[in-house]
1. In 10 Å bins starting at zero, report the fraction of Cα pairs in region B:78-149 per bin as a rounded %.
2. Pairing the Cα long axis of helix B:191-203 with the longest principal axis of chain B, what angle in degrees results, from 0 to 90 and rounded to the nearest 10?
3. Name the long-range amide H neighbours of A:ASP151: under 5 Å, sequence gap of 5 or more, or other chain; modelled H, no Pro or chain starts.
4. Shape of region A:171-282 from its Cα gyration tensor (a ≥ b ≥ c, root eigenvalues): rounded if a/c is under 1.5, otherwise prolate when a/b > b/c, or oblate?
5. Using modelled backbone amide H atoms (1.01 Å from N, in-plane), which distant-in-sequence or interchain residues come within less than 5 Å of A:ILE299's amide H?
6. Scan chain A for the residue whose Cβ is closest to the axis carrying it onto chain B, then write down that distance in whole angstrom.
7. Report the antiparallel proportion of the DSSP beta bridges in region A:134-274 as a percent, rounded to a multiple of 5.
8. Shortest first and in nm to one decimal, what separations exist between A:SER234 and its copies in the other chains, measuring from label points 7 Å along the Cα-to-beta-carbon line?
Number of protein chains: 2
Amino acid sequence: MAERYYLGIDLGGTNIKAGIVTETAKVLSKLSVTTDAECGPDHVLSRMCEAGEEAIKQSGISIQDVTAIGVGAPGALSHKKGIIIAPPNLPGWKNVPVRDYVSRYFNKPATLDNDANAAAWGEYWAGAGRGKSSLVMFTLGTGVGGGIVYDGKFLRGHYDTAAELGHIIVEPNGKRCNCGQIGCLEIYASAINSAKIATEELKAGRKSSMQEELSAGKLITTEIILNHKLKGDSYAEEIWNRTCRYIAIGCVSMDHVINAEIIVLAGGMVAAGEYLLKPVQKFYQELQGPVFGNNSGKIVLAELGNDAGFVGAAGAAKLCEEVGSFSGL
Amino acid sequence: MAERYYLGIDLGGTNIKAGIVTETAKVLSKLSVTTDAECGPDHVLSRMCEAGEEAIKQSGISIQDVTAIGVGAPGALSHKKGIIIAPPNLPGWKNVPVRDYVSRYFNKPATLDNDANAAAWGEYWAGAGRGKSSLVMFTLGTGVGGGIVYDGKFLRGHYDTAAELGHIIVEPNGKRCNCGQIGCLEIYASAINSAKIATEELKAGRKSSMQEELSAGKLITTEIILNHKLKGDSYAEEIWNRTCRYIAIGCVSMDHVINAEIIVLAGGMVAAGEYLLKPVQKFYQELQGPVFGNNSGKIVLAELGNDAGFVGAAGAAKLCEEVGSFSGL
């Protein structure tokens, strides 16, 4: 039998990524175009499909060779209905039937998943989670997202909003999150919020070599924090460790809930590599007691970078085909 | 075909419960004997099997009619290996092969699960979760336990220690739990710890009608706290609400992780009925923002009481038979 091919499309607020992935998770083509979210859903849906066509072309196959299509997109969305409900970073989108649009355009079965879930599936299928039975993934970027693969399946939840790991409560009397809730992990562990807290504390007069950056009008980022920490600034060290400890708290709690074989750290902050991983592993060990395992080696860095989304979306299409759960065409 | 029967055995630190349950979750017999944990594993294993024989006898069937046996027992345990590893409330037990012992005694396939997981399965199969796709259960008693049923299956975890919901971290700079970890839900939401915190605060001089109980040498319990709250004591109200808010925090976080169809509150504290349920639902609503659902009606009380353990163990045996996963005989 000829090899099977899947088209994966990763819709982001800024870019659309698309690629052709084989049934053995080999990437044949990949490309990225701007989303132009401000032009509205119709325009963006067209761009998604054009990006898909270009990915097919670049891979040297034809649309007839594609078995199915997977789309990853920002939530809130409904996997069951195949619609994007109301994503904060796609203004003006409301109940857009993405799955069926893509399915009709290409005349192929399609499936829609939350982008973080798709990325987790990508790492499970083709990245840091290859050969593992289960994984929990934290995506540490602008916000904190999550994805859970358990027993070879997505854990999507009854209302398709499982694995929103940025919204577990870690500070019961803490700050209010953008989602309206109190004390979310995202407020304390995301790159943006971590930098925001540092900026506030610097403005309040904290002694730090980062004061120069602030005076020069620079936006404090986790990259700047890390740079100053590496140069020996004690406040930068403090805030970096604080962020890593909150990530570790998320890891510990998820270990008690899902008890996956591995925990994968993904997203923009992973650019820090070992400077992220080591302190998270250290705090994970310190927080836990002897009763439960202390295997901090189960925490690993993601391997697919920005490809995880479209690779995972393609893999989700393969999974849907295997379990016969396409509800599109 | 004749109806199938399953023997469920629930091993607790104080009592062993056993019963015969039909394939349609009808309880034909049930009984309880003391565990006599101090007499050691051999003695307790015998008592478990004798209780099982008595349950068979009382149900009017014979051992030949029993299809399989399920055992629920306190953790830490390994479902895969069928052994109890080292439960805090069964002193002297270490790596006891409970599943195979029971299996050989009755010459029937057997399965072993964590008692809280078994109870969650009981509620899913025959109690508050009947007809639901998934549930998360908190057992609120001496400690805080948990069980998760997802997609018609136990969520046991890669190392069999999933759903330890009492050990998610809710106070990152909080007290140390018996498990050695910092800030566990169990420290703030269990009946024992809630009463302990109240006792400490009363001894430190908090004004409350409960001071009389303390002076009379009484042990402060959640029952006493509730009674005084109902009589209008404002400190009792404060501590009751604080406990309920922590339980709600657990519910909110699990909603974001598992997103089950329902959340079941079980264990000794459920004796408080609506006095427990209503405040937990209220705090659940208050904590969450508008982005995620606010359906506090999904939080419900358990229905099976003390029967959940052996009923769920019997149901687990039925499930193992169905999926062909017995590794015993």
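The values are calculated or read from the model by the stated rules, or taken from the named source; none is laboratory data. On a predicted model such as this, the values are computed, not experimentally measured, just so you know. Counting neighbours? That spans all protein chains shown, and the Cβs are built from the backbone with ideal geometry, glycine included. What goes into the accessible areas is simple: the full protein's heavy atoms, side chains included, and nothing from ligands, DNA or RNA. Shrake-Rupley method; radii C 1.70, N 1.55, O 1.52, S 1.80 Å.
1. 19, 38, 35, 8, 0
2. 30
3. none
4. In terms of gyration-tensor shape, oblate.
5. Those qualifying (amide H under 5 Å, at least 5 residues apart or on another chain) are A:ILE263.
6. A:VAL257, 3
7. 70
8. 4.4
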